[in-house]
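Undergrad: This structure is in structure tokens; I'll ask about it shortly.
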Amino acid sequence: EVDIGRGGAVRYRLLDSVRAFSLDQLRESDSYEAARRAHATWVAAAADRAATGVRGREQAVHLTVARTERANIDEALAWTGEHDPGLGLRIVNGFGWAWVILGGGVEAAARVRDAVAASRGTAPGGNRATGLLLAGWLEASGGNVEQATADIERATSLGGDDVLSLARLHFAFVHTVQSQPRQALELSAACQTEFHRLGRDWEEGASWLLSAWAHIALGALADGQTASREALKLIRPLGDNWGLSHAEAILGGLAQAEHRFADAVDHLERAADAAGNLGFGSAAAHHLTNLGRVHQEAGDLRSARTALHQAIAAAQAVGDARTAAYARAHLGWVLRARGEPTDARLVLMAAREWFEAAGGGEGAVLADYALAALDA
């Protein structure tokens, strides 16, 4: 079977029946263990490249590898757990941040923790601490802060000063998940100086992003803007689209709140482009929806309509019906203001139908208000 992926890359797939037959034949030969080791070593080499590459300009490439090679990675981890735990730890540490970006959550955290446990007594403490820090971030992103805290605390007991600085960064993220901005700000600020001294630009940029969230949550919008700009200074040269999309979106939201609409448009366009470059259609659609709202507030209804149509298309392409419905609800207001009541009613009815089926909420109210305005 042939599969054409992103960028026109060709991927060949084996039929399950052919794969099963081939494995049976291999097991009966003298080459089985050598083949499994070669396979796991190939996966580990890909993980080594991802460990640093996933935070730079080749981010999309490494995310694609982590996503499309999931079956191969799982097979390699199954074998290394019994035969070479150190190699398995190398695999999870290499792919760990890719799993964070891809939203691996608690499932990926369990994968990492299993590899850490298997490598006990065979791998250096620093390597195991790296794995536990990744597990902690993944658990926190999945909402399991109790397990996240336990993982990060175990990591600090295994590593030195370098692990301690990283642990502060990871604990700061845990506090953002718990909506505790003061604690998050204290920890993120504490590790910025150390990351700067060590020349760890990505980690310093991440700490500024967490500081930006904390400042904004505390109502200190000017400090949030400053922190976001500091993050951009560090992340933009690295080419990390995931980090860029977050920083640009924060700055876009702040500019919109202050009615600096031209700045908001620039930031949100860059946020949408960065998300789109990674193939993250839902995130791109979210930023495009906000972009449409900014154009609407600025009185540029033509650009608002264009951005909202783009948002709907991006959301539909990845099956994100909720974001598509929100974009339709906002598009209805824009079309009504443009004097296009028939088209406005069509998109608003589609939005209200989806929200009613999904249980209502803010989007349903927005659509109902717009329909009432049309009727009036």
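The values are calculated or read from the model by the stated rules, or taken from the named source; none is laboratory data. The shown structure was predicted, so the numbers you read here are calculated from the model rather than taken from an experiment. Glycine also receives a Cβ, built like all others from the backbone with ideal geometry; neighbour counts cover every protein chain displayed. In case anyone asks, the SASA skips ligands and DNA or RNA and just uses the protein heavy atoms, side chains included. Shrake-Rupley method; radii C 1.70, N 1.55, O 1.52, S 1.80 Å.
Undergrad: Within segment 250-283, can you find the residues that are over 12 Å from residue 294 (Cβ atoms), in a helix (DSSP H, G or I) and open to solvent by 30 Å² or more (accessible area, probe 1.4 Å)?
TA: 250, 270, 273, 276, 277, 282, 283, listed by residue number.
Undergrad: In addition: Please find, among 266, 223, the residue that is of a type in the set (Asp, Glu) and within 20 Å of residue 184 (Cα to Cα).
TA: Selected residue: 223, the only one of 266, 223 that is of a type in the set (Asp, Glu) and within 20 Å of residue 184 (Cα to Cα).
Undergrad: For segment 178-205, how many residues meet the condition of being out of contact with any Gly (no Cβ under 7 Å at 6 or more places or on another chain), in contact (Cβ under 8 Å) with a residue 24 or more places away in the chain and not hydroxyl-bearing (Ser, Thr, Tyr)?
TA: Start the filter on segment 178-205 by keeping residues that are out of contact with any Gly (no Cβ under 7 Å at 6 or more places or on another chain), which leaves 178-204.
With the extra rule that they be in contact (Cβ under 8 Å) with a residue 24 or more places away in the chain, the set shrinks to 178-179, 181-182, 184-185, 188, 191, 194-195, 198, 201-204.
Subset that is not hydroxyl-bearing (Ser, Thr, Tyr): 178, 181-182, 184-185, 191, 194-195, 198, 201-204.
Looking only at that region, the number is 13.
Undergrad: Can residue 224 be described as in a helix (DSSP H, G or I) and within 24 Å of residue 139 (Cβ to Cβ)? If you could, list the steps in order and put the result at the bottom.
TA: Details: in a helix (DSSP H, G or I): yes; within 24 Å of residue 139 (Cβ to Cβ): no.
It is false that residue 224 is in a helix (DSSP H, G or I) and within 24 Å of residue 139 (Cβ to Cβ).
Undergrad: To continue, here is another question. Would you pick out the residues in segment 309-345 that are crowded, with 17+ Cβ neighbours inside 10 Å, of a type in the set (A, V, I, L, M) and more than 17 Å from residue 373 (Cβ to Cβ)?
TA: 311, 312, 314, 315, 324, 325, 327
Undergrad: Also, quick follow-up: Working carefully through the options 60, 45, 51, find the one that is surrounded by fewer than 20 Cβ atoms within 10 Å (Cβ to Cβ), under 30 Å from residue 238 (Cβ atoms) and in contact (Cβ under 8 Å) with a residue 60 or more places away in the chain. Talk me through it step by step, then tell me what you get.
TA: Values: 45 fails: in contact (Cβ under 8 Å) with a residue 60 or more places away in the chain; 51 fails: in contact (Cβ under 8 Å) with a residue 60 or more places away in the chain.
After applying the criteria, what remains is 60.
Undergrad: Need pairs with beta-carbon distance below 8 Å; first residue closer than 21 Å to residue 322 by Cα and within segment 283-308, second outside any helix (DSSP H, G or I) and among the β-branched types (Val, Ile, Thr); sequence gap 6+ or separate chains.
TA: Between residues of segment 283-308 that are closer than 21 Å to residue 322 by Cα and residues that are outside any helix (DSSP H, G or I) and among the β-branched types (Val, Ile, Thr), the close pairs are 285/318.
Undergrad: Does residue 337 count as under 24 Å from residue 281 (Cβ atoms) and out of contact with any Ser or Thr (no Cβ under 9 Å at 6 or more places or on another chain)? Don't jump to the end; show me each part of the working.
TA: Numbers: under 24 Å from residue 281 (Cβ atoms): no; out of contact with any Ser or Thr (no Cβ under 9 Å at 6 or more places or on another chain): yes.
No, not satisfied.
Undergrad: Could you look through segment 353-367, keep only residues that are of a type outside the set (A, V, I, L, M) and either out of contact with any Lys or Arg (no Cβ under 9 Å at 6 or more places or on another chain) or at positive phi (or both), and pick out the one that is least open to solvent (accessible area, probe 1.4 Å)? So that I can check it myself, show each step before the final result.
TA: We begin by selecting, within segment 353-367, every residue of a type outside the set (A, V, I, L, M); these are 353-356, 359-363.
Filter again for either out of contact with any Lys or Arg (no Cβ under 9 Å at 6 or more places or on another chain) or at positive phi (or both), leaving 353, 356, 359-362.
On the way: 353: 129, 356: 116, 359: 70, 360: 24, 361: 45, 362: 141 Å².
The extreme case among them is 360.
Undergrad: Anything in segment 211-248 that is surrounded by fewer than 23 Cβ atoms within 10 Å (Cβ to Cβ) and among the acidic types (Asp, Glu)? List them, or say none.
TA: Matches in segment 211-248: 223, 230.
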